[in-house]
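> One structure, as structure tokens, below. Some questions next.
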Amino acid sequence: MIANVIVDVASQNTNRPFDYEIPEKFEGIVQPGVRVIVPFGPRKILGYVISLSETSSFSSVKKITDVLDVIPTLTQELLHLGKWLSNYTLSYYISCLQVMLPQVMKAKYRKELWKLSDEPLDSALDAVFDGRGVMDFEEFEQSGISYHILRKHMNEGEVDVHYEVKSRETKKLKAVVAPAVSPIDMEEKLEDLPPQAKKQRAIVEYFLQQPEPLDKKRLLDHLQTTPAALKPLVEQNVLKEYKQEVFRDPYGGREFKRTTPFTLTDEQETAIRPILSTIEKQEHDVFLLHGVTGSGKTEVYMQSIQQVLDKGEEAIMLVPEIALTPQMVERFKGRFGSKVAVLHSALSAGEKYDEWRKIQRQEVQVVVGARSAIFAPFTNLGLIIIDEEHETSYKQEDRTRYHARDVAVQRAKTHHCPVVLGSATPSLETYARAAKGNYQLLTLSKRMNEAVMPEVELVDMREELHSGNRSMFSIPLKEKIEERLARKEQVVLFLNRRGYSTFVMCRDCGHVSECPHCDIALTYHKRQNRLKCHYCSHEEPMPEKCPECESKTIRYFGTGTQKVEEALQELIPEARIIRMDVDTTRRKGAHERLLTQFGEGKADILLGTQMIAKGLDFGNVTLVGVLAADAMLNLPDFRASEKTFQLLTQVSGRAGRHEKSGEVVVQTYTPEHYSIELASTYDYEQFFQEEMKLRKAFRYPPYYYLTLFTISHPNQLKAEEATRKITMFMQQKLSGQAHVLGPTPSALARINNRYRYQCMVKYKKEPEQRKFVERILHYYEDEMKQENGLQITVDFQPYQLM
Ligand SMILES: Nc1ncnc2c1ncn2[C@@H]1O[C@H](COP(=O)(O)OP(=O)(O)OP(=O)(O)O)[C@@H](O)[C@H]1O
Ligand SMILES: [Zn+2]
Ligand SMILES: [Zn+2]
């Protein structure tokens, strides 16, 4: 038999299966989805078996050296999904297989064999175990015992192969004790026991009352007895003692208060009905649950998941990394208890692996996780939910540039199950699909308990300037903050970006120079003192005075959070401030700690960036301030307005979530801008209409698709030259309907001493595009391999346009 193997070498030449002969001892063990070690050139490397064949078309094939899995790591579905992913992102198959697995599976580890049962195994195998619970896998291999025997015991749950990643200390096995005989036999035993065997009697009595398996240590502690009392009972087969793996549980030791489903409101009821019926009928469909903040979307998700569990199926729930707060986890653990695995980047590699294994071993039925949880190896998927579906963190921005939403739809089609996308501010792409009827639109228009959305006040910073206030805090905002401090209530202040900005603005009239062709703010290039569009090639000199009002206050715009903190402290000296940005949250756990401090009332003001916009739910917060709404509005990104609208809606949702009502102050130089104005009245529908008009006029998604090439090189001329060639090539090859823009410097024109250029393609339908892109990548392959050589990335659905 021949195994077709994808080897762990990411390159154009190796992006195909290689044939290896399966040695006799591995026959039947080597199956699709199993990881193997194979000789490759002078080395031995990791590979994934994707299929088997009777013969090879090559005359001499090498043999598989070793098998890493006895049970396949990747299911058939995931192998296919990897193939699909590789076509859709134009990345190597090996990268796509690896993106689906926890880091640990790619790392170095020791392989061990664990005995989980007290029952006798195959006698030869027992001989190798020689009374131990754990042995090196090597010992098994040297014993020459057949893998089939091993697999039989594994299927019975009697032994397990374990990958020990770090030191042995992290491994956890615990001893468990349980009755080995029926209650009647136990009672008989109790009568047989001599009265002076008090300890033994206590143990038997204990299990007569409660027959569940129990942690050995807890049993002994509880009955205040010793292993010596237990031993004879085990030897006489009244009780059994065995080892059980304890998973490193990041939430271990925490009690989650069990919750029960709410009676749904009429609106929730109407929204959930089509979802439930699709689950029932095992059909694929995509729903958009459009519900204002606090409208009870999460309850709809949880009751849908319940239905899936009742059917014996599984569910994946994706939430943005940043929203995976303890509060969120608590809600799911509270409802579904130990059926839930949680996957997010704050877990250690070992913890992630353990959570992943719970899924693989079908010990959990629900996974709540960030982007990569979409690859959870469930085999019986009944539902996929993506909360806050508009979040750009669902797009992976390196190597395999996939969007979790697309993967979700792909998997749901295979499993004949629904996808539910939820948001208060859906992405334009998604809402447009719902409007066209491609997705089913479900709406929750009211907050729970008829709570009203907080009032939003727009403060015109131009007027502040004209009345002599040159600080970054308006008079109304300052007064409202002081009011809150006096009432012992709390304030959240929000600064959209940290540190840098790329545009210039007139502080007198709010004018920002925009590209006449692309509807994005021009980027300021300091060295040449010029303004450039980084989509097309338009550029112009930096104006001396404002073209709109002739004022000389036109300048670079942007302030860092640290500066803001200093200014704020100066303005209101008695305020206790917590600053949350990339700098203060770098250490593990810092994020959670700062939030806890704020929640406990140890500060009056929480000042932060993006990361505080979501998931915060503090009853004492009655004022939210947005310091510079324009900073996001004028990002050189065609989604700037959409992002501004989403963000303002999200931050507003942070105020007045409980009894005390909330207020929002938004400072801006352009209060008349539709995205700011419509966010202040929570009018998503109107915003959608306005924004769609512009997307159409300037040819952006959802009317057009985009492909973004980013090319970088330490030598500026080389980067520009390659980008020019690529642009020309695409112009020649694509149809006349495609618009190929470039070469232009990226908005972040230099990173790590590499100059960055880009080429953007806007198109409606170019079935051959991928072929041309492949040719480009092939053409530059040698230059891309060199150290300090050319780097070319291609993004077929770009969200980061900097
Ligand atoms: N049917 C119901 N009856 C009573 N309370 C409910 C019901 N559904 C949800 N709630 C409660 O209402 C509050 C808001 O609901 P939830 O957090 O699910 O809204 P959401 O739409 O997910 O909000 P956000 O988008 O802001 O995260 C929660 O405290 C939740 O427990
Ligand atoms: Zn002006
Ligand atoms: Zn332009």
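The values are calculated or read from the model by the stated rules, or taken from the named source; none is laboratory data. The structure presented is a predicted model; accordingly, all values stated were derived computationally and were not measured. Ideal geometry is used to build each Cβ from the backbone, glycine not excepted, and the neighbour counts take in all protein chains shown. In case anyone asks, the SASA skips ligands and DNA or RNA and just uses the protein heavy atoms, side chains included. Shrake-Rupley method; radii C 1.70, N 1.55, O 1.52, S 1.80 Å.
> Calculate, for the chain, the solvent-accessible area per residue in square angstrom, rolling a 1.4 angstrom probe over the heavy atoms of the protein chains.
Working: 36330 Å² over 802 residues.
Per residue, the chain has an accessible area of 45 Å².
> Roughly what angle does helix 76-89 make with the longest principal axis of the chain, taking Cα atoms, 0 to 90 degrees, to the nearest 10?
In the chain, helix 76-89 runs at an angle near 20 degrees to the longest axis.
> Now for a different question. How would you order 668-674, 274-280 from highest to lowest mean count of nearby Cβ atoms within 10 Å?
On the way: 668-674: 20.1, 274-280: 17.4.
Output ranking for 668-674, 274-280: 668-674, 274-280.
> Ignoring ligands, DNA and RNA, what percent of the accessible area of segment 705-795 is carbon or sulfur (1.4 Å)?
The value for segment 705-795 is 47 percent carbon and sulfur by accessible area.
> For segment 2-101, which whole percent of the accessible surface, found with a 1.4 angstrom probe, sits on carbon and sulfur atoms?
Numbers: 2140 of 4100 Å².
The computed percentage sits at 52.
> Oh, and also: Given the options A228, T584, H538, identify the residue whose Cα lies farthest towards the positive end of the charge dipole of the chain (+1 on Cβ of Lys, Arg; -1 on Cβ of Asp, Glu).
So the residue we want is H538.
> Per-residue accessible area for M542 at 1.4 Å probe radius, Å² rounded to 10?
It works out to around 30 Å².
> Under unit Cβ charges (Lys, Arg +1; Asp, Glu -1), what dipole magnitude, rounded to 20 debye, does the chain have relative to its Cα centre? Mind dumping the intermediate values first?
Details: 107 positive and 111 negative charges, 391 e Å.
That gives a dipole near 1880 debye.
> Okay, next question. Work from the charge dipole of segment 705-795 (Cβ charges, +1 for Lys and Arg, -1 for Asp and Glu, about the Cα centre) and give the residue of Q758, L790, N715 farthest towards its positive end.
Towards the positive end, the residue furthest out is Q758.
> Then there is this: Please go through the residue pairs K83/K395; K436/K733; K243/K358; K111/K395; K532/K764 and name each one whose alpha carbons sit more than 24 Å apart in this structure. Numbers along the way, then the final one.
Working: K83/K395 19 Å; K436/K733 32 Å; K243/K358 17 Å; K111/K395 34 Å; K532/K764 26 Å.
Going by Cα-Cα distance, K436/K733; K111/K395; K532/K764 fall outside the 24 Å limit.
> Below 30 Å, Cα to Cα, which lysines can K526 reach? Residues fewer than 8 away in the same chain don't count.
In chain and number order, the partners are K545, K552, K563, K643, K718, K725, K762.
> Give me the dipole magnitude in Debye, nearest 20, for segment 677-797 about the Cα centre, with unit charges on the beta carbon: positive for Lys and Arg, negative for Asp and Glu.
Details: 18 positive and 15 negative charges, 84 e Å.
Here segment 677-797 has a charge dipole of around 400 debye.
> Quick one: how many Å² of Y206 are accessible to a 1.4 Å probe, rounded to 10?
It works out to around 40 Å².
> What are the residues whose amide H is under 5 Å from the amide H of F40, where those residues sit 5 or more places off or on another chain and H is modelled from the backbone?
Under 5 Å from the amide H of F40 lie the amide H atoms of I45, each far enough along the sequence or on another chain.
> Measure nothing but the geometry: give the 0 to 90° angle between the long axis through the Cα atoms of 684-697 and the longest principal axis through the Cα atoms of the chain, rounded to 10°.
The answer is roughly 70 degrees.
> Once the other residues with Cβ under 12 Å from the Cβ of V5 are scored (Lys, Arg +1; Asp, Glu -1), what is the net sum? Before the final figure, lay out the partial values.
On the way: positive: R16, R35, K62, K63; negative: D8, D19, E21.
My count for the surroundings of V5 gives +1.
> Putting +1 on Lys and Arg Cβ atoms and -1 on Asp and Glu Cβ atoms, find which of V128, L90, P72 reaches farthest to the positive end of the dipole of segment 58-168.
It is L90, whose Cα lies furthest towards the positive end.
> Something else: Taking the DSSP beta bridges in segment 266-449 as the whole, what percent of them are antiparallel, to the nearest 5?
5 percent
> Could you order the peptides 795-802, 287-294 from most to least packed, using the average number of other C-beta atoms within 10 Å per residue? Walk me through the numbers on the way to the answer.
On the way: 795-802: 18.8, 287-294: 22.8.
Final packing ranking: 287-294, 795-802.
> Here is a follow-up. For segment 179-192, just list the computed ³J(HN,Hα) in residue order, Karplus coefficients 6.51, -1.76 and 1.60, θ = phi - 60°, integers in Hz, with x standing in for Gly and Pro.
x, 9, 10, 5, x, 5, 4, 5, 5, 4, 4, 4, 5, 5
> Further question on the same structure: Give me the angle, in degrees from 0 to 90, between the Cα long axis of helix 590-599 and the longest principal axis of the Cα atoms of the chain, rounded to the nearest 10.
Tilt of helix 590-599: around 80 degrees.
> In square angstrom, rounded to the nearest 10, how much accessible surface does D126 have for a 1.4 Å probe?
For D126, the solvent-accessible surface is approximately 40 Å².
> Considering only protein heavy atoms and a 1.4 Å probe, what is the carbon-and-sulfur percentage of the accessible area of segment 365-464?
Values: 1450 of 3460 Å².
The C+S portion of the solvent-accessible surface of segment 365-464 is 42 percent.
> Sorting K297, K725 by accessible area (1.4 Å probe), largest first, what list results? If you can, show how the numbers build up before the last one.
Numbers: K297 20, K725 95 Å².
I get K725, K297, largest accessible area first.
> I would also like to ask the following. Rounded, prolate or oblate: pick one for the chain, where a ≥ b ≥ c are the square roots of the eigenvalues of its C-alpha gyration tensor, a/c under 1.5 means rounded, and failing that, prolate if a/b is larger than b/c, else oblate.
Numbers: a/c = 2.24, a/b = 1.41, b/c = 1.58.
Taking the square roots of the gyration eigenvalues as a ≥ b ≥ c, the chain is oblate.
> Quick check on the chain: of the DSSP beta bridges with both residues there, what percent are antiparallel, nearest 5%?
Working: 69 of 120 bridges.
Around 60 percent antiparallel, to the nearest 5.
> Could you sort 681-687, 373-379 so that the peptide with the highest average Cβ count within 10 Å comes first and the rest follow in order?
Values: 681-687: 16.6, 373-379: 22.6.
Descending packing order for the listed peptides: 373-379, 681-687.
> Continuing with this model, one more query. Under 8 Å for C-alpha pairs, at least 6 residues apart: give me the relative contact order for the chain, rounded to a whole percent.
Working: 1453 pairs, mean separation 73.8, N = 802.
For the chain, the relative contact order is 9 percent.
> Could you tell me the distance between the Cα centroids of segment 1-38 and segment 532-609, to the nearest Å?
Taking the Cα centre of segment 532-609 as reference, the centre of segment 1-38 is 52 Å away.
> Can you list the HN-Hα couplings for segment 304-309, worked out from phi with the Karplus curve (6.51, -1.76, 1.60; θ = phi - 60°), rounded to whole Hz and with x for Gly and Pro?
Values, residue by residue: 5, 4, 4, 4, 5, 5 Hz.
> Quick one: dipole size for segment 266-449, taken about the Cα centre, charges +1 on Lys/Arg Cβ and -1 on Asp/Glu Cβ, in debye to the nearest 20. It would help to have the intermediate numbers written out before the result.
Working: 23 positive and 24 negative charges, 42 e Å.
Its charge dipole is roughly 200 debye.
> Moving on to the next point. Which residues' amide hydrogens lie under 5 Å from the amide hydrogen of T73, considering only partners 5 or more residues apart or on another chain, with H built in the peptide plane?
V34, R35
> Same structure, new question: Mind listing the long-range amide H neighbours of Y556? Cut-off is under 5 Å, sequence gap 5 or more, other chains count too, H placed in the peptide plane at 1.01 Å from N.
Distant-sequence amide H within range of Y556: M505.
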